[in-house]
Amino acid sequence: MEIGEDNCLCFSNSIPYPATKHEALRPIVKILALIPARGGSKRVPGKNLRRLGGKPLIVWSIEVVKGVPDICDIVVSTDSQDIASVARDYGALVPWLRPAELATDTASSVDVALHALDWYEHEKGAVDGLLLLQPTSPFRSRESVKSGLEIFQRNGLRPVVAVALAASHPMWCFKVEGMTMTPFLEEAALGLRSQELPPAYVVSGAFYLIAPTDLRRGLSFYSDEMAPLIINSPAESIDIDTEWDWKIAEAVIHG
């Protein structure tokens with residue numbers, strides 16, 4: 001962790017893990033990785049099994065955490081037998097198919113996470129953290145995952161959320177009502193150049209890590225005490241939600 005020139009916290013995700021003798025000797029925390037993968041998708045049909053770079057989309061998220069020392073298991077929560085079969089083939093644990101009430105468009109990630117967490121801790125024992133890996137972020141790197149785990153442990157198991165620089169700065173955004181435009185923020189800075197704006201970050205969707213007690217208490221992956229895992233690579237921040245996003249992901253694969 002380092003402080004940038006603008007006094008904002010920056011986290012490096014390029015250091016090999018473990019990078020020092022101290023890190024090599026640190027206690028191993030027990031982290032359950034959870035990959036939620038519904039069979040249905042309206043905007044990108046069948047996306048979790050759709051092949052990207054020669055393998056199903058979900059496999060990217062399984063492979064990135066396989067063999068990471070702190071990860072005790074990789075659970076895939078799905079309502080699809082086909083997704084379950086592929087996930088098992090690549091080494092994930094799929095102990096059940098997700099209940100129907102958790103397989104709808106309205107089911108929240110928190111509900112899905114709690115369902116998996118409650119089962120796992122009842123069957124296999126307590127964990128120190130739950131790592132949510134959305135399969136729609138295929139390019140998150142192993143280095144970023146390990147950096148996020150490091151931040152989690154070094155900051156007293158505070159929630160960690162991946163963020164990236166906002167593509168559209170909020171100080172340049174507007175509310176539109178009829179034919180009227182008003183700045184979205186009171187402190188708009190329409191006269192400033194982009195390089196003069198303070199850095200603004202958005203949640204990238206690539207990494208959510210939280211202690212079970214915090215998740216159960218707050219019913220959210222976010223909190224006032226969450227720490228940032230800053231993702232500097234544009235590719236790592238790709239979140240596939242539309243066919244256009246898929247085309248961008250394919251462009252990244254093909255260079």
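The values are calculated or read from the model by the stated rules, or taken from the named source; none is laboratory data. Please read all numbers here as calculations on a predicted model, not as lab measurements. Note: ideal-geometry Cβ built from the backbone for every residue, glycine included; neighbour counts use all protein chains shown.
Some values worked out for this structure:
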item	result
Matching residues, the range 175-209, being over 22 Å from S237 (Cβ atoms), touching a strand residue (DSSP E or B) at 6+ places or on another chain (Cβ under 8 Å), assigned to a strand (DSSP E or B) and among the aliphatic types (A, V, I, L, M)	M181
Candidate set: the range 142-182, residues that are hydroxyl-bearing (S, T, Y) and over 22 Å from the mean Cα position of the chain (by Cα); chosen: the one modelled with the highest pLDDT	T180
Residue within the range 177-200 that is of a type outside the set (A, V, I, L, M, F, W, C), under 30 Å from A107 (Cα atoms), out of contact with any Lys or Arg (no Cβ under 7 Å at 6 or more places or on another chain) and surrounded by fewer than 19 Cβ atoms within 10 Å (Cβ to Cβ) present	no
Verdict on Q134 being more than 17 Å from N232 (Cβ to Cβ), in a loop (DSSP other than H, G, I, E, B), under 28 Å from the mean Cα position of the chain (by Cα) and modelled with pLDDT of 95 or more	yes
Leading residue by the ranking (surrounded by the most Cβ atoms within 10 Å (Cβ to Cβ)) among those in the range 230-249 that are touching a strand residue (DSSP E or B) at 6+ places or on another chain (Cβ under 7 Å) and under 23 Å from G46 (Cβ atoms)	A249
Residue satisfying all of: in the range 23-44; within 27 Å of A249 (Cα to Cα) and in a loop (DSSP other than H, G, I, E, B); modelled with the highest pLDDT among these	A37
Among (1) surrounded by fewer than 16 Cβ atoms within 10 Å (Cβ to Cβ); (2) modelled with pLDDT of 50 or more, the one test that E5 misses	(2)
Selection from the range 110-131 of residues that are part of a helix (DSSP H, G or I) and either buried (at least 18 other Cβ atoms within 10 Å of the Cβ) or out of contact with any helix residue (DSSP H, G or I) (no Cβ under 8 Å at 6 or more places or on another chain) (or both)	V112, A113, H115, A116, L117, D118, W119, Y120, H122, E123, K124
Residues located in the range 157-174, provided they are assigned to a strand (DSSP E or B) and of a type outside the set (F, W, Y)	V160, V161, A162, V163, A164, L165
Residues satisfying the stated conditions in the range 229-255, i.e. farther than 12 Å from L57 by Cβ and assigned to a helix (DSSP H, G or I)	E243, W244, K247, I248, A251, V252, H254
Those residues of the range 66-85 which are in a helix (DSSP H, G or I) and crowded, with 23+ Cβ neighbours inside 10 Å, in sequence order	I83
Residue list for the range 86-97, filter: in contact with a strand residue (DSSP E or B) (Cβ under 6 Å, 6 or more places away or on another chain) and not in a helix (DSSP H, G or I)	A92, L93, V94
